[in-house]
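Read through the structure below, which is laid out as structure tokens, and then see the notes.
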Amino acid sequence: TQLLEQSPQFLSIQEGENLTVYCNSSSVFSSLQWYRQEPGEGPVLLVTVVTGGEVKKLKRLTFQFGDARKDSSLHITAAQPGDTGLYLCAGRRDDKIIFGKGTRLHILP
Amino acid sequence: EAGVTQFPSHSVIEKGQTVTLRCDPISGHDNLYWYRRVMGKEIKFLLHFVKESKQDESGMPNNRFLAERTGGTYSTLKVQPAELEDSGVYFCASSQDWGPQHFGDGTRLSIL
């Protein structure tokens, strides 16, 4: 049983379009994190959201933490080919990180 | 500042053999973590060191896996004997206090 479900698993869209990926859990997390992973590399932390309802922006990326702290979303505006990669949602429990399976995003030029 | 370094980047061995993976954390990071991603699954926690002590090894799959961190610097993860289901990517991460975990690029392990 997966603790963090990400959707969609795969997404292929044209450059310039907007997209949203989702991360859902039946459990409450004190914080949720989003990572990006490139082929042959380890996950790189993009953002941590801590407060229910919190919204954080990172250039064209907008991250939101659900009010109940069980879900999060990542919205990308005007996607670019450089956004292509694997996006991982993760929650911190004790001192370990629990990951979702990820959303593989492909932006077509 | 050098990041987390893992060696080797790839390893291909036969079932029944032994393999040792190494992780050099960021200098000064007392916390060192091992994670694993097997095909089709999410990245899963294996264990956590604080300096040379095992803080949490609840994710270790079985007693064929042995992790050490002598002297509280680099860590090794030995698999003996390797089985087919051990194939995957093994990641190491390190952190300072309760800060963010920084991941290495992983070791891709293939068991034939």
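Here are some notes:
- Per-residue ³J(HN,Hα) for the stretch B:32-41, Karplus 6.51 cos²θ - 1.76 cosθ + 1.60, θ = phi - 60°, Hz, x for Gly and Pro: 9, 10, 10, 10, 9, 10, 9, 3, x, 10
- Over 18 Å [Cα-Cα, the stretch B:52-112], rounded percent: 43 percent
- Ordering of B:44-50, B:58-64 by burial proxy (mean other Cβ atoms within 10 Å per residue, highest first): B:44-50, B:58-64
- Once C-alpha pairs closer than 8 Å and six or more residues apart are averaged by separation and normalised to the residue number of chain B, the relative contact order reads 37 percent.
- When the Cα convex hull of the stretch A:40-86 is projected onto planes of every orientation, the mean area is 3.8 nm².
- Distant-in-sequence amide H partners of B:Ser87 (H built 1.01 Å from N, under 5 Å): B:Ile111
- Its Cα centre serving as origin, chain A has a Cβ charge dipole (Lys and Arg +1, Asp and Glu -1) of approximately 180 debye.
- With one equal scatterer per alpha carbon and no solvent term, the Debye-computed log10 I(q)/I(0) for chain B at 0.18, 0.22 1/Å reads -0.83, -1.22.
- For chain A, the pair-distance distribution built from all alpha carbon pairs, in bins 10 Å wide starting at 0, is 16, 50, 29, 5, 0 percent.
- Computed from backbone phi, the HN-Hα couplings of the stretch B:105-110 come to 7, x, 10, 8, 10, 10 Hz, rounded to whole numbers (Karplus: 6.51 cos²θ - 1.76 cosθ + 1.60, θ = phi - 60°; Gly and Pro given as x).
- Residue-wise HN-Hα coupling along the stretch A:21-34, computed from phi with Karplus coefficients 6.51, -1.76, 1.60 (Hz; x: Gly, Pro): 10, 10, 9, 10, 9, 8, 10, 8, 10, 5, 7, 10, 10, 10
- Label sites at B:Ser58 and A:Thr77, each approximated as a point 7 angstrom past Cα along Cα to Cβ, lie 4.0 nm apart.
- For A:Lys101, residues with placed amide H under 5 Å, excluding near neighbours: A:Gln6
- Sequence-distant lysines (8 or more away, or on other chains) whose Cα lies within less than 26 Å of B:Lys41: A:Lys70, A:Lys96, A:Lys101, B:Lys15, B:Lys54, B:Lys78
- Cα point-scatterer Debye curve for the protein assembly as shown, base-10 log of I(q)/I(0) at q = 0.10, 0.13, 0.15 Å⁻¹: -0.46, -0.77, -0.99
- Between the residues B:Gly28, A:Leu58, B:Met60, the greatest Cα displacement towards the positive end of the dipole of the protein assembly as shown, with unit charges on the Cβ of Lys, Arg, Asp and Glu, is found for B:Met60.
- Cα-centred dipole magnitude for the protein assembly as shown, charges only on beta-carbon of K, R (+1) and D, E (-1), debye, nearest 20: 180 debye
Throughout, read-outs are computed from the coordinates displayed, never taken from laboratory work. Source: prediction; values computed, not measured. When we count neighbours, we look across all protein chains shown, and the Cβ atoms used for this are built from the backbone with ideal geometry, even at glycine.
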